[in-house]
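> The structure's right below; bear with me while I get my questions together.
Bear in mind that the values in this text are calculations on the coordinates, not laboratory data. Given the structure is predicted, the values throughout are model-derived calculations rather than measurements. A quick note on method: Cβ atoms are made from the backbone with ideal geometry, for glycine too, and the neighbour counts reach across all protein chains shown.
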Amino acid sequence: MAVQVNFEKCATGGLCAESRCDVGVEKEEIMRTKELVNLRKWFRHYIRQFAQNGNRMHPLLQLKTRHSERVAKEARALASDLGWSPGYRNAAEALGLLHDTGRFSQFAEHRTFADTMSFDHGECGWTITRKIAPLSCLPRAERKRILDGIRYHNRRVIPDTIAPRHRAFLNLIRDADKLDIFRVTLESVERNGFQDLPDMLPDITLDRAPSPAIIQELYRRQTCSLRKVKSLGDFFVMQLSWIYDCTTPRLASASWNAGFFREYLV
Ligand SMILES: [Fe+2]
């Protein structure tokens, strides 16, 4: 049965129904619950190697673990909103869990989450996961869609080489990821002014004044580049700009609500 999805185009023009709706005709369950359970076990086993003192991971890697688990839930919820079948919902959850696999070795090796100061964590995650057993049981095309989701989830612009009908998983993970980043940002700002931010991204200060460069990017009605983010204020503005990149109503609504970041800007 072909997956049917209908939703209205976002007022910003950000939604892309074509790329969202066609995950293809499902001839079989692409990921059964048993396989998803195995994948969760693989992930737990994989991250365990990054535990150090007293079997505890660095707090920022604990945060990344919780982020991965929440993005997995968001991805499943979005897949459900889109009317995807149980097998595709399982695959969406798997992608959510794996999307930041590259973050763990990135932080272990470079003590940063800044790709510009280390390596592209999407590429790294793809290299790690492309041969793992829990994905090797999937039909080849579906495995590739999940791996493309891991590989390209962090690109500012989706590469032209991804065919429109293969973008469904990629769009889904990009939205699910952003939904959780909104949550983490708000919670962190309210807790302590996001004191952890410079530890994750060392070239970003906690200054709340956005720079003219980032405002200029926003006026171009496009997503702001993380490379140009130099302060917490810039970070807020970058998240506001995600309204130009969202593909689901759920993220469009969260982006709109993120307007309350304005109260944190000076
Ligand atoms: Fe990521």
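> Any of Lys41/Lys131; Lys34/Lys178; Lys41/Lys73; Lys178/Lys230; Lys178/Lys228; Lys73/Lys131 with alpha carbons more than 21 Å apart? Name them for me. It would help to have the intermediate numbers written out before the result.
On the way: Lys41/Lys131 16 Å; Lys34/Lys178 28 Å; Lys41/Lys73 16 Å; Lys178/Lys230 19 Å; Lys178/Lys228 18 Å; Lys73/Lys131 24 Å.
In this structure, Lys34/Lys178; Lys73/Lys131 exceed 21 Å between Cα atoms.
> Using amide H atoms built 1.01 Å from N in the peptide plane, name the residues 5+ places from His58, or on other chains, whose amide H lies under 5 Å from its own.
Counting only residues 5 or more places away or on other chains, the set is Gln52.
> Give the order of Phe113, Phe169, Phe119 when sorted by the count of other beta carbons within 10 angstrom, beginning with the fewest.
Values: Phe113 21, Phe169 28, Phe119 15.
Ranked by crowding around the Cβ, least crowded first: Phe119, Phe113, Phe169.
> How would you rank Val184, Val189, Val157, going from fewest to most other Cβ atoms within 10 Å of each one's own Cβ? Could you put the intermediate results ahead of the total?
Numbers: Val184 15, Val189 19, Val157 10.
Placing the least packed residue first, the sequence is Val157, Val184, Val189.
> Now a separate question. For Tyr152, Tyr219, Tyr88, what ranking results if the residue with the fewest other Cβ atoms within 10 Å of its Cβ goes first? Mind showing how you got there, number by number?
Working: Tyr152 22, Tyr219 8, Tyr88 26.
Exposure proxy ranking, most exposed first: Tyr219, Tyr152, Tyr88.
> OK, next. Going by amide H atoms built from the backbone, whose H comes under 5 Å of the H on Ser231, apart from near neighbours?
Result for Ser231 returns Thr205.
> Just subtract the alpha-carbon distance of Thr127 and Ala51 from 0.36 nm times their residue separation and send over the number in nm, one decimal. Each step should come with its number before you reach the end.
Numbers: separation 76, 0.36 × 76 = 27.36 nm, distance 2.13 nm.
Contour length minus Cα-Cα distance gives 25.2 nm.
> Could you pull out which residues in region 221-242 have an amide N less than 18 Å from a spot 7 Å beyond the Cα of Arg155, following the Cα-Cβ vector?
Hits in region 221-242 for Arg155 at 18 Å: 223-227.
> Also, I was wondering about something else. Can you give the FRET efficiency to the nearest 0.05 for Arg44 and Lys144, using r as the Cβ-Cβ distance and R₀ = 22 Å?
On the way: r = 25 Å, r/R0 = 1.12.
Rounded to the nearest 0.05, the efficiency is 0.35.
> Using 7 Å Cα-to-Cβ label points, what is the Ala163/Asp199 separation (nm, one decimal)?
Computed distance between label sites Ala163 and Asp199 equals 4.5 nm.
> What's the extension gain from Arg183 to Glu109 if we count 0.36 nm per residue and subtract their Cα-Cα distance? Provide the component values of the computation, followed by the final result.
Numbers: separation 74, 0.36 × 74 = 26.64 nm, distance 2.69 nm.
That pair, Arg183 and Glu109, stretches by 23.9 nm at full extension.
> If you don't mind, there's one more thing I want to ask. Grab the beta carbon distance between Tyr219 and Glu190, set R0 = 30 Å, and tell me the FRET efficiency rounded to 0.05.
Working: r = 28 Å, r/R0 = 0.94.
For R0 = 30 Å, the calculated efficiency reads 0.60.
> Set Lys and Arg Cβ to +1 and Asp and Glu Cβ to -1, take the dipole of region 22-194 about its Cα centre, and tell me which of Gly122, Ser85, Ser136 lies farthest positive.
It is Ser136.
> Roughly how many nanometres apart are two label points built 7 Å out from the Cα toward the Cβ at Lys73 and Thr116?
Modelled inter-label distance: 3.3 nm.
> Could you tell me the largest-minus-smallest coordinate of the C-alpha atoms of region 22-194 on each of the three principal axes, in descending order and whole angstroms?
Projected onto the principal axes, the Cα atoms of region 22-194 cover 47, 29, 28 Å.
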